[in-house]
Amino acid sequence: MSATVIFLSGMTTMGFVVAALFFLNFWRRTQERLFAVFGLSFLLLAINQAAVALSGIPRGEQAWMYGLRIAAFGLLIAAIVGKNAGNGKPGPP
């Protein structure tokens, strides 16, 4: 991979880590499970991006690495569905 691709992958990884830290900070303040799951999902996406960028494996052979991405999106979907399928009462304002 070229240095530009590795640099841009690092920037993407950093963006995922920053998003995860924001969501984990919101979770720490509110104790809302949705924020914790979003933070964990963004950490999984950061790990996936870093692994793909640093592995040096050709594109066709890195399909197994995308399991982290599937897990992250699965967690996001489950958290959103769980939040919307709550007890039917509106949350605090």
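The values are calculated or read from the model by the stated rules, or taken from the named source; none is laboratory data. Being a predicted model, the structure only gives us computed values, none of them experimental. Positions of Cβ are generated from backbone atoms using ideal geometry, with glycine treated the same way; all protein chains shown enter the neighbour counts.
At-a-glance table
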item	result
Residue match in the range 43-61 (condition: of a type in the set (Lys, Arg) and surrounded by fewer than 12 Cβ atoms within 10 Å (Cβ to Cβ))	yes
Failed criterion for GLY10 (all others in (1) under 29 Å from ASN84 (Cα atoms); (2) in contact (Cβ under 8 Å) with a residue 12 or more places away in the chain hold)	(1)
Some residue of the range 70-86 being modelled with pLDDT under 85, exposed (fewer than 13 other Cβ atoms within 10 Å of the Cβ) and not acidic (Asp, Glu)	yes
